[in-house]
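Here's the structure we're looking at; comments come further down.
The values are calculated or read from the model by the stated rules, or taken from the named source; none is laboratory data. This one's a predicted model, so the numbers in the text were calculated from it and none came from an experiment. Backbone-built Cβ (ideal geometry, glycine too); neighbour counts: all protein chains shown. The area values use the complete protein model at the heavy-atom level, side chains included, leaving out ligands, DNA and RNA. Shrake-Rupley method; radii C 1.70, N 1.55, O 1.52, S 1.80 Å.
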Amino acid sequence: MDAIAAIIVSAFIITLTNCLRLRKKHRAEVRFLQQRLEEQEALPREVLDYTVRILDSLMETAALSGDNPQLLMTKLRRFIFTGDESHQGIIRYMQPIANFQCYGIVNLLRNINPKLTEEDLTFCSLLCLGFAPNSIQMLYGQSNPASFYNRRSRIRRKLGLQDGDRSLESLLNEMVTELSDGRNTCLNK
């Protein structure tokens with residue numbers, strides 16, 4: 001009987017040792033894959049962030065331009081919204097860029113409220129990407145600041161925010177933070 005117990009204990013110790021060794025190997029592989037993923041995402045994130053900053057900068061410059069700003073804005077809007085013969089307007093890429101940069105925020109917004117229009121989602125994307133209100137107004141050709149705030153209020157209502165609650169921007173920032181934390185938690189397991 002003692003021999004059987006010794007065999008069982010030995011088998012248990014060997015199995016436990018193998019499990020611990022495999023777990024350590026698995027953790028090392030997960031760390032390696034996580035590091036590779038972060039390296040692969042770093043450059044596209046940097047490039048996308050740079051592209052968005054250029055667009056925002058162009059809009060700010062156009063807003064302050066004194067030399068025929070209407071012509072400049074007309075040409076910029078045409079490129080942004082309709083593009084040219086070889087490219088569609090850049091505005092159509094704002095949702096995918098925001099979704100990538102902000103850990104799936106557009107997908108989350110669609111799931112939270114399917115009644116959000118494509119324009120609503122693009123507006124939220126621009127906010128998530130850090131566009132200033134006056135840049136968004138210029139982008140859409142709105143000279144009245146109330147247009148921006150009215151759109152933001154409609155989206156807030158669709159998302160269930162009441163007057164006096166936090167701003168749309170703070171809600172979006174909180175959602176992006178939660179998506180980022182959730183992604184990092186999954187990668188660290």
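Quick notes on this structure:
- Enumeration of residues in segment 94-110 that are in a loop (DSSP other than H, G, I, E, B) and open to solvent by 50 Å² or more (accessible area, probe 1.4 Å): Tyr103
- Yes/no for Arg154 being part of a helix (DSSP H, G or I), open to solvent by 20 Å² or more (accessible area, probe 1.4 Å) and in contact (Cβ under 8 Å) with a residue 12 or more places away in the chain: yes
- The lone exception for Gly160 - which of (1) under 20 Å from the mean Cα position of the chain (by Cα); (2) at positive phi; (3) not hydroxyl-bearing (Ser, Thr, Tyr) it fails: (1)
- Of everything listed in (1) in a loop (DSSP other than H, G, I, E, B); (2) open to solvent by 70 Å² or more (accessible area, probe 1.4 Å); (3) at pLDDT below 70, the single unmet condition for Gly83 is (2).
- Any chance Leu161 is assigned to a loop (DSSP other than H, G, I, E, B), open to solvent by less than 40 Å² (accessible area, probe 1.4 Å) and among the aliphatic types (A, V, I, L, M): yes
- Candidates in segment 114-151 are the residues that are in contact (Cβ under 8 Å) with a residue 12 or more places away in the chain and among the polar types (S, T, N, Q); of these, the one that is surrounded by the fewest Cβ atoms within 10 Å (Cβ to Cβ) is Asn134.
- Residue check, Ala42 part of a helix (DSSP H, G or I), at pLDDT below 75 and either aromatic (Phe, Trp, Tyr) or open to solvent by less than 80 Å² (accessible area, probe 1.4 Å) (or both): yes
- Selection from segment 20-37 of residues that are exposed (fewer than 11 other Cβ atoms within 10 Å of the Cβ), within 19 Å of Arg183 (Cα to Cα) and of a type in the set (D, E, K, R): Glu29, Arg36
- Considered as a group, the residues in segment 45-64 that are open to solvent by less than 80 Å² (accessible area, probe 1.4 Å) and not aliphatic (A, V, I, L, M) include one that is modelled with the lowest pLDDT, and that residue is Ser57.
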